[in-house]
1. Tell me, what is the FRET efficiency for Gln29 and His164 to the nearest 0.05, using R0 = 45 angstrom and their Cβ-Cβ distance as r?
2. Under 5 Å between amide hydrogens, which residues at least 5 positions from Phe163 or on another chain qualify, with H placed 1.01 Å from N in the peptide plane?
3. What is the percent of Cα-Cα separations in segment 57-259 that go past 33 Å?
4. Computed FRET efficiency, Cβ-Cβ of Lys59 and Asn140, R0 51 Å: what is it to the nearest 0.05?
5. Across segment 19-30, in residue order, what do the Karplus-derived ³J(HN,Hα) couplings come to in whole Hz, using 6.51 cos²θ - 1.76 cosθ + 1.60 with θ = phi - 60° and x for Gly and Pro?
6. Using packing as a proxy for protection, rank 134-140, 60-66 so that the peptide with the highest average count of other Cβ atoms within 10 Å comes first.
7. Figure the gain on full extension for Thr66 and His157 (residue separation times 0.36 nm, minus the Cα-Cα span) and round it to one decimal in nm.
Amino acid sequence: MIKSLQEIPIRKTIGLWEEKWNREALIKQRAAIHETAFNRGFRQIPFSDELSLFKSIDKAIVYGVTYKDFIDVATPFVTSVDLSTKTRPGTVIFTFAINNDGKKIVVDVQRGSWTAPETAKMISSVYDTYNPLFVAIEDNAYQVALPEMMKISGYDHIPIVPFHTGTNKNNIEIGLQSLEVELINGLWIIPFESVHEINCGCGICSLVQEARAYPLGESDDAVMAWWIGKEAYREKSGSYWDVDDISAGNKGAARSLRGIN
Ligand SMILES: [Zn+2]
């Protein structure tokens, strides 16, 4: 009886490109990326699109451009952070821009397993690079210490917005699936200057891979950081921020709003 690819253990499969991807390299790669991405990229096993939440993620990808092609000097940026927990090793720092058309452009995704002081340093470095309006950091139980630590550790110039994840994550209108609605409507742009290799480990590729696999992938840190950024921006721009000033890219107005905390 012929087995489906899923049923054949990797140790019994034969690599088709021995020079580059021998068995050892394949096993290493499988450990480095999650199973779903590995199956998709290396075993021609797609998972059912029916199960995927972000079916339209590939609609956002634009090749041959960088984020700089979509912004001007006044374009506001937002940074968001999904912190690792005891059970999840990855921390992701996600930065996007909101252009004059209200489209959101993925600018930068940093990912790493950092200690709290290292994380603070990375957040500070991203802040200095992009000068975002604010940095939204999840403030759930285990993570509450970082924003507090940053305030007293010489990072108090960074406008940190605590973000609380709860039932909002699964809310039909504002939860993770609202990102798919935005993708369908062409509101997100993920620029790639060139095509990255399938096993590229860069932050933006990891976001795309996580989004394609969600909710079946083994990690969702980048997806979470993406959603936190989108939601924190919506909350801020919908309340005491003057959304017109921001979407018009009024730098002065955007700057004056940086005092918020
Ligand atoms: Zn990449």
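Taken together, the values in this text are just the output of simple stated rules run on the coordinates, not laboratory data. Everything numeric here is computed off the predicted structure, so don't read it as measured data. Cβ placement follows ideal geometry from the backbone for every residue including glycine, while neighbour counts extend to all protein chains displayed.
1. Working: r = 37 Å, r/R0 = 0.81.
My answer for the efficiency is 0.80.
2. Ile137, Glu138, Asp139
3. Numbers: 1628 of 20503 pairs.
Counting every Cα pair in segment 57-259, those more than 33 Å apart make up 8 percent.
4. Details: r = 31 Å, r/R0 = 0.61.
Calculated value: 0.95.
5. My calculation for segment 19-30 gives 4, 9, 10, 7, 4, 4, 5, 5, 5, 4, 5, 5 Hz in order.
6. Working: 134-140: 22.3, 60-66: 14.0.
In decreasing order of mean packing, 134-140, 60-66 become 134-140, 60-66.
7. Working: separation 91, 0.36 × 91 = 32.76 nm, distance 2.84 nm.
Stretched fully, the Thr66-His157 segment lengthens by 29.9 nm.
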